[in-house]
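A short reminder: the numbers here are calculations on the coordinates, not readings from a lab. These numbers come from a predicted model, not from an experiment. When we count neighbours, we look across all protein chains shown, and the Cβ atoms used for this are built from the backbone with ideal geometry, even at glycine.
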2 protein chains.
Amino acid sequence: MGGDKAPAEIVAGALQAAEAGLPVILVGDPDRIGDAGGLEVIPASEVIEMHDDPAKAVRSKKDSSLLRAAEAVRDGRASAMVSAGNTGATMASALFRMGRISGVARPAIATPIPVPGSTPTILIDAGANAECSPAWLVQFAQMGSAFARQRFGIAEPRVGLLSIGEEPGKGNPLAKETHALLAAGEAGPAVSFMGNVEGRDVMTDSVDVVVTDGFTGNVVLKTLEGAMRFAFNAVLEALGSTDESRAASEALMPALMPLASELDPDTYGGAVLLGVDGVCIISHGSSSARAIVNAVRVGHQAAAAGLVDQLRSAVAAT
Amino acid sequence: MGGDKAPAEIVAGALQAAEAGLPVILVGDPDRIGDAGGLEVIPASEVIEMHDDPAKAVRSKKDSSLLRAAEAVRDGRASAMVSAGNTGATMASALFRMGRISGVARPAIATPIPVPGSTPTILIDAGANAECSPAWLVQFAQMGSAFARQRFGIAEPRVGLLSIGEEPGKGNPLAKETHALLAAGEAGPAVSFMGNVEGRDVMTDSVDVVVTDGFTGNVVLKTLEGAMRFAFNAVLEALGSTDESRAASEALMPALMPLASELDPDTYGGAVLLGVDGVCIISHGSSSARAIVNAVRVGHQAAAAGLVDQLRSAVAAT
């Protein structure tokens, strides 16, 4: 029921996923869902809206689609949940109903940042925890590494700590203390710590997992979104500015389209909430049917590969 | 003596500035400067290198070009200093030799972020203070507003606080406490506070001054740099990918070149350190002669307009 294009695009995506061999259960108001195309529907009479306060909403709307979806995962009726709705409420629903993986201090959002020509960079935490401790960031490094292995098949993900200079002494107290812990091997042998990275490294293939607090991570995510939208619009404007450029732009389309597709957030199907005891996929609020198909696939693959058990091992390793 | 292309490009830029009617004094090692083209040279035998530790270097290299340049401003021999060298050492030199404006808690770096079709957005603090208090951010709002007025002629600059959601309750403790102070009018009537903004707003014309701590600000700056470089390279690659696209690219150049120029950091000549008792321009390490001309112009205009006195009034207003 959540997302800017719900429920139509969500249901369309679910049907496409089912046709592609990824079984889907819908959760929501049967009347608003309409024709479910033969998919099972778990009824939920309430909807947590995009503007609802997450903490209040999950306490008051017990029959919401978000809480019912999280319960379906908890009860083993579903292997993963996917939501394009209120991000805070999605996290709270997953946390309250599935619980945390034993040993995890705080779940974190892992968002793949597209790097054309290479595997995406995992940004963690992309917004779950506005304030973090160094020990939590060490766990984000562990969980992010396990996720990069499962999701993109990277054998030894290179983990960078986001700071404002390469030297260990650069950064705010959180970055400096986290650097000391990671450099001392506190994350265990499964984490390949390469030191500090900077904002300019996120969209390059020089790092696989970028660790930061949820405030900084969310600022980076939104800054990249804004910059890419800006660049995209600026190029479109240039292409359409004169008769000559409009004619020329046709010759460029075959080269520009694959890039646009690789940069489209819908391609990766959304972020994953790591650290809860179940698979929870957080899709962009503007998710299209295509984004939902990809999100269902990400959830399916994570469940099939045993991501949650891999995360459990990762945080227990030290 | 500082910067990736020093001293050749720096001297070339100084000569061009002088020819344009902006008088320049060079500070540095006369032997390495070579032909100064008739410009006055204040000799300095030492150089603070890009990799030097700023705090140590300004204590040990008393005859460095950075400290001598800051002394020239302090002593009234120069109206402003410009450096493309070690940023930390530039700040320390300015702070130690010029001192702070009375009442300023911490100087901050104000960096213009290009917004094609509009005036740039001032990002403050772009990296001077990795850790900040809410009261300092209130001063950044005051100083950033005064600077936006002087530098870009914006009568009532709209000030946004960088956070991870528009609602006042969103963000880390620093953002939430600063929001409360700014919303209560603590910055005085000269600051038009519009509330929280997000990373995606920085490159738009919806805000004139974006206030944040130096850690987050520097991450945003580097993230934008990386994203713009990425987009630029991706478009160049698409233009050069086939015979057809190479032929088409000529027709597109007239439309793309003005955009590239507007986005070029050299266009704005660098950032300004606000809060020290003198004008200090911090240019990009890779500054070309063109960037230096623009930096000299920015310094000249700031001095002529009385920026330091405007900042003094701005922080004293409350």
| task | Rounded to the nearest Å, what's the spacing between the alpha carbon centres of segment A:32-54 and segment A:233-253? Just the number, please. | result | 42 Å
| query | Hey, got a sec? Which GluC sites (Glu not before Pro) in segment B:18-90 land in a DSSP loop and have at most 15 other Cβ atoms within 10 Å? | reply | B:E49
| query | Using alpha carbon centroids, what distance separates segment A:257-318 and segment A:162-215, in Å? | reply | 23 Å
| field | Residues A:R100 and B:E167, FRET efficiency given R0 of 35 Å [Cβ-Cβ distance, rounded to 0.05] | value | 0.85
| field | Whole-number D in µm² s⁻¹ for segment A:1-160, Kirkwood Cα-pair radius fed into Stokes-Einstein, 4 °C, 1.567 mPa s | value | 75 µm²/s
| request: Give the Kirkwood hydrodynamic radius (Å, one decimal) of segment A:143-206, defined as one over the mean of 1/r across all pairs of different Cα atoms. | output: 12.3 Å
| query | Within chain B, how many lysine pairs that are 8 or more places apart, or on different chains, have C-alpha atoms less than 26 Å apart? | reply | 7
| Two-decimal Rg to Rh for the protein assembly as shown - Kirkwood Rh, Cα set | 1.00
| message | Going 7 Å from Cα along the Cα-Cβ axis for the label, what nanometre distances separate A:P189 from the same residue across the other copies? | response | 7.0
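What does the net charge come to around A:C132 if you take all other residues with beta carbon closer than 11 Å to its beta carbon, with K and R at +1 and D and E at -1?
Overall, the nearby charge balance is -3.
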| said: I want to verify a result. In a Gaussian network model of chain B, Cα cutoff 10 Å, which of these has the top mean-square fluctuation: B:V115, B:V272, B:V211? | reply: B:V115
| field | Cα Rg, Dmax, chain A, angstrom units | value | 20.1, 63
| remark: Dividing the mean separation of Cα pairs under 8 Å (6+ apart) by the residue count of segment B:263-310 yields a relative contact order in percent of 39 percent
| request: Taking the convex hull of the Cα atoms, report for segment A:188-318 its projected area averaged over all directions, in nm². | output: 10.5 nm²
| said: For segment B:1-75, take N as its residue count and report Rg(C-alpha) divided by 2.2 N^0.38 Å. | reply: 1.10
| note | With -39,500 (n - 2.57) per DSSP H segment of 4 or more residues and division by the full residue count of chain A, the 222 nm estimate, nearest 500 deg cm²/dmol, is -15000 deg cm²/dmol
| field | For segment B:49-92, the Rg and Dmax computed from alpha carbons only, in angstrom | value | 10.1, 30
| note | Connecting every pair of Cα atoms under 10 Å apart in chain A and solving the GNM, the largest mean-square fluctuation among A:A255, A:A141, A:A302 falls on A:A255
| message | With a 10 Å cut-off between alpha carbons and a GNM built on chain B, which of B:L236, B:L15, B:L137 moves the most? | response | B:L236
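Which of rounded, prolate, oblate describes segment A:209-263, given a ≥ b ≥ c as roots of the alpha-carbon gyration tensor eigenvalues and a/c under 1.5 marking rounded, otherwise prolate only if a/b is larger than b/c? Intermediate results must be reported in sequence, preceding the final value.
Numbers: a/c = 6.76, a/b = 2.48, b/c = 2.72.
Oblate, because a/c is 1.5 or more while a/b does not exceed b/c.
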| In peptide B:170-178, how many Cβ atoms from other protein chains are near each Cβ within 10 Å, on average? | 3
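Over 20 Å, how big is the tail of the calculated P(r) for segment B:88-222, in percent of all Cα pairs?
In whole percent, the long-distance tail amounts to 40.
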| request: Provide A:L224, B:L256 in ascending order of the number of other Cβ atoms located within 10 Å of each residue's Cβ, fewest first. | output: B:L256, A:L224
| Label distances, nm, A:A303 versus same residue in remaining copies, Cβ-directed 7 Å point | 6.9
| Per residue of A:195-203, what is the mean number of Cβ atoms on other protein chains within 10 angstrom of that residue's Cβ? | 5
| note | For A:L236, inter-copy label-point distances (7 Å, Cα→Cβ), nm, shortest first, read 2.5
| message | With an 8 Å Cα cut-off and a minimum separation of 6 or more residues, compute the relative contact order for chain B in percent. | response | 25 percent
| Averaged over peptide B:155-164, how many Cβ atoms belonging to another chain are found within 10 Å of each residue's Cβ? | 2
| Which three extents, in whole angstrom, do the alpha-carbon atoms of segment B:254-304 cover along their principal axes, largest first? | 43, 23, 18
| request: Please state the charge dipole magnitude for segment A:1-128, taken about the Cα centre, from unit charges on C-beta atoms (+1 on K and R, -1 on D and E), reported in debye and rounded to the nearest 20. | output: 560 debye
